[in-house]
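Written out below as structure tokens is the structure these notes cover.
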């Protein structure tokens, strides 16, 4: 019994970590780990879910594609999902994929198309009656961000196509920033004193997802279209290659490095060719994409989870280089972690100059035997944060120095290790490898805690994102999350901030006021307690019904709750033990934030036993608000239509869920009927 229980906990930790990194990568365009590290986490989770299928749930990251779109752009529902790709990292894994699809087909599959896996931003372009009408990001695969106006500024995106094109069709492609354009853009930003983009992918994503299209227009973005998503009334096509040629004839830009490949051996040769020639490319690419050519066979193979069986990404080996590790610095993360990082003699790796790299933690440094002064191997594969793989021991001179984190942060005046930012005591909880700053109000933590507190999944304070929270903090208008509720008294100062007009300020203050009535689970999540994600916050809210009761809970009481282990229990107790945190909670209460809610018996609630799925845009609610209303009344909100779905709620511009509901005989209601149902049940 012990092994499955430990496995369940490991799966929960992996999901939480992957969801965090999905948000950083797909929504904030600010990754914290390398692609290789992310792939490793995802592969471990997939393997565990395959071995223990009873632990697989629909909300697992393995069943998702990216992350929730930002509603600041408006949301577009994809008529057909934009799927992600499975990965192969070796020839053995490529051959295993080939064997699987051949076995499913009952014959050897030998007709393929090879394309470059460009490191950019996947988009879907919709054309109606020959005109480009909608452009959207991948988002979570089902819904993306409406970036039509930004895509219109890219000269290689056709705004019109020939009249003999299908009356309505969608193409999918990759927006990217050419390497030359990336370097030029960074040179300009350096002259302006602006932060530099870490790599072309980050720059492309940041450029396309600008609220001001004029900024996008000033950047030399390009696009290669890589498939026809769907077409209504178009000429019949039989192969993917034929579709690419057809799209080319309509005026779309197709990558000239695409190749028709006969047999898996040619696929391997195509991959090896570009492993050797990747530095010659005008864009960043981290592998090739192999697709079964015949469309009929693609349909027969279908999808598994959120990945097509008929395609796979065969990754390039990570790019490596060597340089001198001159020192090890310490940064402080949102949860107070003291994070060591490598300070390097600048080195160019894969066309990017690297002067810092990730070291993870002190245990990892000792395991790899990395010392200050070592010549080290640096690895990157298009990632934002390069990694120190290990030392080149043969180049040691004997002058290298072993790293000790506590010595690095030792404060002689205080005669103890201290946080390098605020000077507070440094602690390491029993059983953990990371050291922490004990001060929740530490400036290094406070800004990131404010960002989390205001986020959509927590207190949902629209308008306070990463940039504004940083500005408010830097201007001294807020020092912690409780200060947000005092901003109503600082309206004149808010109006003095850049890009903050009367309407923007009023909207933000209204959002702050509305947040006082957020569900208890959201409040618990917003507090930023280590190891507490959305699911655990929901569980704790259901158990304790108030922040005060949670704060007073004993370790034994906490551990007795399913899925709450010693680490989470100690984290909760440690959080409420800090006087700073208790003061913040007191001030939140004084500001009128609801810190408790009455227990409710789900089986007695009006929508108990009912599952709702939403499609299209609602007028009265955002999608999240509608789902929260359903949950408040005891119902569940599903992400896809199944035989268990009670109602499909249809708003404006519904997606493919409507067809699915019709095929299953699911009851379909419009927004008016949905509102009537809610009002009847209240």
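Among 324, 291, which is the only one that is assigned by TED's automatic domain parsing to the domain that holds residue 138, part of a strand (DSSP E or B) and touching a strand residue (DSSP E or B) at 6+ places or on another chain (Cβ under 8 Å)?
291
Just to be sure before I move on: is residue 562 in contact (Cβ under 8 Å) with a residue 12 or more places away in the chain and touching a strand residue (DSSP E or B) at 6+ places or on another chain (Cβ under 8 Å) in the structure I sent?
In short, no.
How about region 520-550: which of its residues are modelled with pLDDT under 90, at negative phi and not in a helix (DSSP H, G or I)?
Answer for region 520-550, where residues must be modelled with pLDDT under 90, at negative phi and not in a helix (DSSP H, G or I): 529, 530, 532, 533.
Need the failing condition index for residue 344 against (1) closer than 30 Å to residue 451 by Cβ; (2) surrounded by 15 or more Cβ atoms within 10 Å (Cβ to Cβ); (3) in contact (Cβ under 8 Å) with a residue 40 or more places away in the chain, just the number.
It fails just one condition, (3).
Within the bounds of region 96-117, is there any residue that is surrounded by 18 or more Cβ atoms within 10 Å (Cβ to Cβ), at pLDDT 90 or above and out of contact with any strand residue (DSSP E or B) (no Cβ under 6 Å at 6 or more places or on another chain)? First the steps, then the outcome.
Initially, region 96-117 is screened for residues surrounded by 18 or more Cβ atoms within 10 Å (Cβ to Cβ), giving 97-98, 101, 109, 112-117.
Checking which are at pLDDT 90 or above leaves us with 97-98, 101, 112-117.
Okay, now just the ones that are also out of contact with any strand residue (DSSP E or B) (no Cβ under 6 Å at 6 or more places or on another chain), so 98, 101.
Yes; the residues of region 96-117 include at least one that is surrounded by 18 or more Cβ atoms within 10 Å (Cβ to Cβ), at pLDDT 90 or above and out of contact with any strand residue (DSSP E or B) (no Cβ under 6 Å at 6 or more places or on another chain).
Within region 456-500, take every residue that is outside any loop (DSSP other than H, G, I, E, B) and in contact (Cβ under 8 Å) with a residue 60 or more places away in the chain and give me the one that is surrounded by the most Cβ atoms within 10 Å (Cβ to Cβ).
Result: 481.
Can you tell me which of (1) more than 30 Å from residue 200 (Cα to Cα); (2) assigned to a helix (DSSP H, G or I); (3) out of contact with any strand residue (DSSP E or B) (no Cβ under 8 Å at 6 or more places or on another chain) is the one residue 364 doesn't meet?
(1)
Taking region 130-174 only, how many residues are within 23 Å of residue 654 (Cβ to Cβ), at pLDDT below 90, out of contact with any helix residue (DSSP H, G or I) (no Cβ under 6 Å at 6 or more places or on another chain) and in a loop (DSSP other than H, G, I, E, B)?
5
Here is a check on your reading of the model: is residue 658 farther than 19 Å from residue 538 by Cα, at pLDDT 80 or above and either within 32 Å of the chain's Cα centre (by Cα) or surrounded by 15 or more Cβ atoms within 10 Å (Cβ to Cβ) (or both)?
yes
Is one or more of the residues making up region 228-240 in a helix (DSSP H, G or I), touching a strand residue (DSSP E or B) at 6+ places or on another chain (Cβ under 8 Å) and crowded, with 19+ Cβ neighbours inside 10 Å?
Yes, that holds for at least one residue.
Across region 260-280, which residue is nearest to residue 98 (Cα to Cα) among those that are in contact with a strand residue (DSSP E or B) (Cβ under 7 Å, 6 or more places away or on another chain) and either crowded, with 17+ Cβ neighbours inside 10 Å or not assigned by TED's automatic domain parsing to the domain that holds residue 154 (or both)?
Top of the filtered list is 267.
Tell me whether region 636-650 contains one or more residues that are in contact with a strand residue (DSSP E or B) (Cβ under 8 Å, 6 or more places away or on another chain) and within 16 Å of residue 519 (Cβ to Cβ).
Yes - at least one qualifying residue is present in region 636-650.
The values are calculated or read from the model by the stated rules, or taken from the named source; none is laboratory data. Please read all numbers here as calculations on a predicted model, not as lab measurements. All Cβ positions, glycine included, derive from the backbone under ideal geometry; neighbour counts span all protein chains shown.
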